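None of the figures in this text is laboratory data; all of them are computed from the coordinates on show. Only a predicted model underlies this, so the values are computations on that prediction, with no experimental measurement involved. Because the Cβ atoms are built from the backbone with ideal geometry, glycine has one as well, and the counts that use them run over all protein chains shown.
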Amino acid sequence: MRHSRTLHVLAADRTAAVSLPMRFVVASIIMMVVMALLATATSGFLAHMRISDLGSEISELDATASILYLGGPGSNVTMEVNVPAGYRVVMGSMPGCESSWPLDAKNYFLEHDGKFIVRESKAAYSNDLMDGVIVLPPGEHFLFMETIVNPADGMLFVRISE
């Protein structure tokens, strides 16, 4: 008897049904916030993966150049490097100091959205004219690297040309 009275009271109480639309609104807002957070995290992850891939590709180029550099003048090799859109690689300089070459010739950096990743190298880098840094804009590059002594100062460089 008591059981049927409880069911009757529950069926008559409509407060849960009245607040149902509000629950849907709150659930929808929470889902939108979660989706926005997920999209932001995915975007950051993909950007990190692109810079990581580029960093490892340029590190491989640097390791090869360092071996050439340690081998002395006359060594050469050809490599392929792909720089993604929105990125830039500068070999032979620190950020903002491109004009002070050859002082920072044993450095290179990756640039994306005004952020820099700077690395030090065992090799000193030069462009094909032996007068400055090598800049790799976005795109695919086939690089010819050779070690050569700069006649002006007698310093050994890895000259990079496309």
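Eigenvalues of the Cα gyration tensor times 5, then square-rooted: what semi-axes does that give for the chain, in whole angstrom, largest first?
Gyration-tensor ellipsoid for the chain: 64, 14, 11 Å.
Relative to the longest principal axis of the chain, what angle (0 to 90°, nearest 10) does the C-alpha long axis of helix 2-12 take?
For 2-12 against the chain, the angle is about 60 degrees.
List every residue whose amide H lies under 5 Å from the amide H of Leu143, counting only residues 5 or more places away in sequence or on a different chain, with H placed 1.01 Å from N in the peptide plane.
Under 5 Å from the amide H of Leu143: Met79, Glu80, Val81.
Quote the charge dipole size of the chain about the Cα centre in Debye, to the nearest 20; the model charges only the Cβ of Lys and Arg (+1) and of Asp and Glu (-1).
Computed charge dipole of the chain: roughly 1620 debye.
Lys and Arg at +1, Asp and Glu at -1: add these up for the other residues within a Cβ distance under 13 Å of Asn150 and post the number. Don't skip to the end; give the middle numbers.
Details: positive: Arg159; negative: Asp128, Asp131, Glu146, Asp153.
Summing Lys and Arg as +1 and Asp and Glu as -1 gives -3.
Give, as a single signed number, the net charge of other residues whose beta carbon lies under 12 Å from the beta carbon of Asn107, with Lys and Arg counted +1 and Asp and Glu -1.
Once positives and negatives cancel, what remains is -1.
Using 0.36 nm times the number of residues separating Ala27 and Arg88, minus their current alpha carbon distance, what extension gain do you get? Don't jump to the answer; show the numbers that get you there.
Numbers: separation 61, 0.36 × 61 = 21.96 nm, distance 4.36 nm.
That works out to 17.6 nm of additional length.
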